[in-house]
There are 2 protein chains.
Amino acid sequence: MASSSSLTLSQAILARAISHHGSNSSSDRPRRRVHSTRPVRASAVETLDKTTETSLVEKSVNTIRFLAIDAVEKANSGHPGLPMGCAPMGHILYDEVMRYNPKNPYWFNRDRFVLSAGHGCMLQYALLHLAGYDSVLEEDLKSFRQWGSRTPGHPENFETPGIEVTTGPLGQGIANAVGLALAEKHLAARYNKPDSEIVDHYTYCILGDGCQMEGIANEACSLAGHWGLGKLIAFYDDNHISIDGDTDIAFTESVDKRFEGLGWHIIWVKNGNTGYDEIRAAIKEAKAVTDKPTLIKVTTTIGYGSPNKSNSYSVHGSALGAKEVDATRKNLGWPFEPFHVPEDVKQHWSRHTPEGAALEAEWSAKFAEYEKKYSEEAAELKSIISGELPAGWEKALPTYTPESPADATRNLSQQNLNALAKVLPGLLGGSADLASSNMTLLKMFGDFQKDTPEERNVRFGVREHGMGAICNGIALHSPGLIPYCATFFVFTDYMRGAMRISALCEAGVIYVMTHDSIGLGEDGPTHQPIEHLASFRAMPNTLMLRPADGNETAGAYKVAVLNRKRPSILALSRQKLPQLPGTSIEGVEKGGYTISDNSSGNKPDVILIGTGSELEIAAKAAEELRKEGKAVRVVSFVSWELFEEQSDSYKESVLPASVTARVSIEAGSTFGWHKIVGSGGKAIGIDHFGASAPAPKIYQEFGITAEAVVAAAKSLL
Amino acid sequence: MASSSSLTLSQAILARAISHHGSNSSSDRPRRRVHSTRPVRASAVETLDKTTETSLVEKSVNTIRFLAIDAVEKANSGHPGLPMGCAPMGHILYDEVMRYNPKNPYWFNRDRFVLSAGHGCMLQYALLHLAGYDSVLEEDLKSFRQWGSRTPGHPENFETPGIEVTTGPLGQGIANAVGLALAEKHLAARYNKPDSEIVDHYTYCILGDGCQMEGIANEACSLAGHWGLGKLIAFYDDNHISIDGDTDIAFTESVDKRFEGLGWHIIWVKNGNTGYDEIRAAIKEAKAVTDKPTLIKVTTTIGYGSPNKSNSYSVHGSALGAKEVDATRKNLGWPFEPFHVPEDVKQHWSRHTPEGAALEAEWSAKFAEYEKKYSEEAAELKSIISGELPAGWEKALPTYTPESPADATRNLSQQNLNALAKVLPGLLGGSADLASSNMTLLKMFGDFQKDTPEERNVRFGVREHGMGAICNGIALHSPGLIPYCATFFVFTDYMRGAMRISALCEAGVIYVMTHDSIGLGEDGPTHQPIEHLASFRAMPNTLMLRPADGNETAGAYKVAVLNRKRPSILALSRQKLPQLPGTSIEGVEKGGYTISDNSSGNKPDVILIGTGSELEIAAKAAEELRKEGKAVRVVSFVSWELFEEQSDSYKESVLPASVTARVSIEAGSTFGWHKIVGSGGKAIGIDHFGASAPAPKIYQEFGITAEAVVAAAKSLL
């Protein structure tokens, strides 16, 4: 296909929309060179029809292969095998199928691409480079995997514009892709009009054998099938090799049958190495199936082109070595210097810059029309696209007085969610089959389902890991989408992989984690978090919030909504808690603050520090001590990270260095608390597993009581 | 079937081995009362043939139902729905099919049963009670979910003899069951002789919709299919209800097709509520399929028998309430007081005590014969059964001198694993597709595979969560089985759910976690652990070990092998580390110890504390400071938990309270270190995500250097 930069805008769009199959394309598949069995080591490029077009495609594909080979070679680190095997599908996607604007990687209506097998990132860097993204210039390819480069060892959206999500830990990417496709389906259902499909893009993904083995991938793909995400098209790079060798040693299931069971449409491209038309036909077929996601199993040869290393694990994760690079150059007929992009290939790809600009301009014009007709919807959609929160949204946060009824923070959380859903058009989410326990239902909305995708309650089923990663995908789809998800706090253990990626990739997911301590009672130690607060306080770029009552829960939501570049985890109680005097939204925003004090001159005799359900206990202990004439300050330490970010003078005003008599109380591990209470203080907590019994009994038996706080305080005075 | 206690021993065994199908049993299934569609709410017990036998079965089944109903009602907490629906399959398993000795729950050759849907634990407690286990007496049923009871809210092997594993967090149990079945297949292959099948039992499991949705279940079941675990028989309680309501809202995949893809044999029992013969026939068929695990999908009605709550989520997780209990009693024709076991039911089950004793005695006699003929194998198997380690095993641990070559601790780990495999017959394990990176291959053994189950290298594929839970199952199969498993340390995030269960259920799994810091270099922040050391130090009953060199790696293995009741996590380096003077196995056993010191009178000017790859940096900094005349102690803090367990005087000898000038260095989060360095000390670490670059560059840029330690020390002097 020659450059189409001279086509009219609408022609260009049309040409791309129907996909570039060439004049002899056909939906019959496979057309030629079909291997009836998995291809074995390819020792030479297979003969192709020598039309200009195909030879240029092949040249482009080899350019991609060698950019990957050369970058890995220069870094002496990286994964050349996948890019060499997946270059054909990569080429077709970025050159013939996908709609994007390289000069604005954040154009809202772009097709999304996710490389779930993130170790093969040189594939995507090479494609971004050819497509004209400014984020991946030749110098970036040459500094692959080096300090400060824009081409890190795995794809990272926060480093490289054009990368949608952060992958590498296997299975995350395909789950992110499900989230991206969910977001598209949801926004399309909410905002498209019969006369204007203002939201309309595909989500593509490449995943490998490793991703397929991960449980998270099965979870997310089961949901994708359930939701009928017809615009999700995943390419399974079926190369039969993983790090330990042939997948026969650990992975002999029928992926096709499994995906059929999951409700996907399945297509098998038997020759992914050179079967360009097969790949094209598969994509066409996938697009025609609108009620199911499609898995295109593309059988490839890992390290295709390398005469001695292809089809073996040795080409997966290390540089080929100078000798084998030479042999591969000879084998694929590649006479060029490292990092060379042949002029005709460069010329061919250059059309994407004007085309992409035209695509965006066309869409912008369409949006202007839309805005005229549907001003309310347009304003909402704009705020979702831009991430600008509606003015005054925070006024919707509920407030409480000490006279407000005692309640569990999980219930108070639901009041906040329901209040916020009215003012935040991008708020949507749900629970991993615990909606009625996590209290996460938005009462004014129905369920996001296959046939009701405009609704905002998402039913994730018992799939915590998939849920977290899907929310990462939703969050990264559009800055104004604010996904929340929920389970019992202890089951963060199931989804920690996704939660860490939230933190790393700057996805402001809100994690609504209820049943946050032994306070859940009878379910026992399997369900009682102990070390979880500590484990998230240690996690970078993560806000761990443990509100004590209504005002603090509202404060936690204010913080969570405002922090769009880091996840917030709300630890919430199952049990009822009183509305405490002195708590406030503003206090929560500072992370730690004084809720009551009878000292003067910033010199209390003792400081009692609590979080969440134990702040009440600290307050009770303070009353006791004050009765005995002590000057006692009670500090709520709702978020360590926020407190750490305050000025030294503020910190000194809450925790004066001169006051070493400090007692903390929290129904969880004491790990980490010694930094707060200091060498002279005492940390009351639980450094062992929980127990099955009614909650008050466990609190008593474990010594999480006001008496214990009083005793500890007295021992320090 | 009447009591068979009068049968001869071998008759009894035979009778049980062929399973009790009654005189009219048949392998044709289903025979009668087949529902062509999923049964809807059952408003009354369906009519059964009124033979004595079946009526007694039904009475027993209703006993199980009401023990569950009554216990949940008394506790006003728990999950009656599953026991009411699964009572028929539970009855058939424990009364007709399984081989066990209630008076010795630890009899080696017993059939194993796992309730993966652990919330339904009253099912199992009722069965153990009827079967005659001393661990579940009537008083235990009456103290369900109470403080100190043996009937906690979810099944816990460490609380209740007769419970094999700890379940509740969904999906763990089926993965444990895969581990139990793997252990049986492995030991059978190693120790059975043509004339003596000394290892020969089944593993049964009940899992629900929740388990089926969890990724971990798919991971483990994919492996079970790959390994052809023919003696694993799983019952899928297909009741179409989960906490959020009908599974239609989130779970519409075809489980049958998925499991077919995973290589399982599938049977559907359409009437699990009263189709006793269907259930029996299914088990018979499952046993006949020896090369595949079997999934018996049993369609049941959750809360069967409750006229107003069955087939709804309301019966899943809370007491029925007095009114509905009454209605259920009427509906099922149950005139008895709460907790009543009718005399004929009691009498019927009473045979299991003599029968179980006979089964064990028969096996013991067989083992005595075996021992005579195969003394070497018998001795090995005995040590696996008893958990007694072979005398002098620790002499196999390699030792190193400062002159030994520098090496990565992952390589030193492999030396230990290979040395130990020779002396520890129960050591087996592997990696999640990173064997060549984790360095976990046992060189003298082949792969545990379907047709080579006697081998000891287990290939888990990229399935971290399943791997951990499978290892829990292996560890809990026999005290002398010592499973290890491996991945990159950062991917503990994927398997933390299983690792926490290791800690809780007292499974001494060895977690070989390599690439333990930014020292892995170019793979970047997705692969670089930061908060992971802290997160495991906070986890109860878990040994987090980070050895610095060869002697410390050997020490870590010594500790790991000796600690059979808690998991050990070894954090190991990718990069080479020198063999340091002063390190020792004995030192590691104390958790923290001095490796060098030029002070006297236990009064160093400053104490430098390091772990793993940073101990070298601390040692270098000490040299610098000593050159300047300072008295410097270097402490290796390889395991916080072990140090915490030492005497106060030992702790004082290492970290004297009077010395507040302390500097710690670790390439990870500083979270928690302030307890060790105190308010007067400094903790050097990394409180943000990593970066993609060569490792030395990252160390330099992040300030994890000897210069930084020297500067910090000087600032304190």
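The values are calculated or read from the model by the stated rules, or taken from the named source; none is laboratory data. Remember, predicted model here, so these are calculated numbers, not experimental data. In this analysis, Cβ positions are derived from the backbone assuming ideal geometry, glycine residues included, and neighbour counts consider all displayed protein chains. Side chains are part of the model used for accessible areas, which takes the heavy atoms of the whole protein and leaves out ligands, DNA and RNA. Shrake-Rupley method; radii C 1.70, N 1.55, O 1.52, S 1.80 Å.
A few points about this structure:
- If only residues of region B:654-688 that are open to solvent by 30 Å² or more (accessible area, probe 1.4 Å) and among the hydroxyl-bearing types (S, T, Y) are counted, the one that is nearest to the other protein chains (Cβ to nearest Cβ) is B:S679.
- Within region A:231-243, the set of residues being in a strand (DSSP E or B) and facing another protein chain (nearest Cβ under 9 Å) comprises A:S242 only.
- Taking first residues from region A:582-600 that are among the aliphatic types (A, V, I, L, M) and partners that are open to solvent by 30 Å² or more (accessible area, probe 1.4 Å), the Cβ contacts under 8 Å between residues at least 6 apart in sequence or on separate chains come to A:I585/A:T399; A:I585/A:K558; A:V588/A:K558; A:I595/A:P581; A:I595/A:G582.
- Only one of the listed residues (A:G612, A:G582, A:G555) is open to solvent by less than 20 Å² (accessible area, probe 1.4 Å), within 25 Å of A:T399 (Cα to Cα) and not assigned by the TED database to the domain that holds A:M513. That residue is A:G612.
- Any hit, region B:211-232, residues being among the hydrophobic types (A, V, I, L, M, F, W, C) and surrounded by fewer than 24 Cβ atoms within 10 Å (Cβ to Cβ): no
- Only one entry of A:N176, A:N192 meets the criterion of being among the polar types (S, T, N, Q) and either at the interface with chain B (Cβ under 8 Å from one of its Cβ atoms) or buried (at least 24 other Cβ atoms within 10 Å of the Cβ) (or both), and that entry is A:N176.
- Counting the residues of region A:253-268 that are farther than 14 Å from A:I233 by Cα and not small (G, A, S) gives 7.
- Hits in region A:689-704 (condition: part of a loop (DSSP other than H, G, I, E, B), of a type outside the set (G, A, S) and facing chain B (nearest Cβ under 9 Å)): A:F689, A:P694
- Given (1) touching a Lys or Arg at 6+ places or on another chain (Cβ under 7 Å); (2) more than 10 Å from every other protein chain (Cβ to nearest Cβ), number of the condition A:E219 does not satisfy: (2)
- Scan of region A:504-546 for residues that are assigned to a helix (DSSP H, G or I), farther than 19 Å from A:A408 by Cβ and small (G, A, S), ordered by number: A:A534, A:S535
- Taking the conditions (1) of a type in the set (D, E); (2) under 26 Å from the mean Cα position of the chain (by Cα); (3) open to solvent by 50 Å² or more (accessible area, probe 1.4 Å) in turn, B:E362 satisfies each one other than (2).
- Qualifying residue in region B:431-453 (condition: farther than 19 Å from B:T514 by Cβ, of a type in the set (K, R) and more than 14 Å from chain A (Cβ to nearest Cβ)): no
- Residue list for region A:116-132, restricted to those being open to solvent by less than 10 Å² (accessible area, probe 1.4 Å) and either farther than 19 Å from A:S143 by Cβ or away from every other protein chain (no Cβ under 14 Å) (or both): A:S116, A:A117, A:L123, A:Q124, A:A126, A:L127, A:L128, A:A131
- Contact map, region B:141-154: first residue more than 10 Å from every other protein chain (Cβ to nearest Cβ), second residue open to solvent by 60 Å² or more (accessible area, probe 1.4 Å), Cβ cut-off under 8 Å, separation 6 or more or different chains; pairs are B:K142/B:K74; B:R150/B:E159.
- Of all residues in region B:186-221, those being closer than 18 Å to B:W363 by Cα and charged (D, E, K, R) number 5.
- Of the residues in region A:148-164, at least one is of a type in the set (S, T, N, Q), within 15 Å of the chain's Cα centre (by Cα) and surrounded by fewer than 24 Cβ atoms within 10 Å (Cβ to Cβ).
- Being closer than 18 Å to A:E644 by Cα and open to solvent by 10 Å² or more (accessible area, probe 1.4 Å) holds for only one residue in A:R537, A:R546, A:R574, and it is A:R537.
- Region A:465-493, residues that are part of a helix (DSSP H, G or I) and β-branched (V, I, T): A:I470, A:I474, A:V490, A:T492
- Residue in region B:475-495 that is within 19 Å of A:V490 (Cα to Cα), in contact with a strand residue (DSSP E or B) (Cβ under 7 Å, 6 or more places away or on another chain) and not charged (D, E, K, R) present: yes
- The lone criterion from (1) under 26 Å from B:Y484 (Cβ atoms); (2) outside any loop (DSSP other than H, G, I, E, B) left unmet by B:L170 is number (2).
- Extreme residue, surrounded by the fewest Cβ atoms within 10 Å (Cβ to Cβ), among residues of region B:95-115 that are of a type outside the set (D, E) and in contact with a His (Cβ under 8 Å, 6 or more places away or on another chain): B:R99
- Some residue of region B:630-650 being within 23 Å of B:N563 (Cβ to Cβ), open to solvent by 20 Å² or more (accessible area, probe 1.4 Å), outside the structural domain of B:V559 (by the TED database) and without any contact (Cβ under 8 Å) to a residue 24 or more places away in the chain: yes
- Output for region A:618-629, where each listed residue is open to solvent by less than 20 Å² (accessible area, probe 1.4 Å) and either more than 13 Å from A:A706 (Cβ to Cβ) or in contact (Cβ under 8 Å) with a residue 40 or more places away in the chain (or both): A:A618, A:A621, A:L625
- Index of the failed condition, A:T252 passing every other in (1) crowded, with 24+ Cβ neighbours inside 10 Å; (2) of a type in the set (S, T, Y); (3) within 21 Å of B:W264 (Cα to Cα): (1)
- Taken over region A:437-461, the criterion of being in contact with a Gly (Cβ under 7 Å, 6 or more places away or on another chain) and either free of Cβ contacts under 8 Å to residues at least 24 places away in the same chain or open to solvent by 10 Å² or more (accessible area, probe 1.4 Å) (or both) is satisfied by A:K450, A:T452, A:E455, A:R459.
- Residue pairs meeting the criteria (Cβ under 9 Å; at least 6 apart or on separate chains; first more than 7 Å from every other protein chain (Cβ to nearest Cβ), in region B:244-256; second open to solvent by 20 Å² or more (accessible area, probe 1.4 Å) and part of a loop (DSSP other than H, G, I, E, B)): B:G245/B:S312; B:D246/B:H240; B:D246/B:S312; B:T247/B:H240; B:D248/B:H240
- Restricting attention to region A:257-280, the residues being more than 17 Å from A:C211 (Cβ to Cβ), within 14 Å of another protein chain (Cβ to nearest Cβ) and crowded, with 24+ Cβ neighbours inside 10 Å number 0.
- Qualifying positions in region B:318-345 - touching a helix residue (DSSP H, G or I) at 6+ places or on another chain (Cβ under 8 Å), loosely packed, with under 15 Cβ neighbours inside 10 Å and assigned to a helix (DSSP H, G or I): B:A322, B:D344
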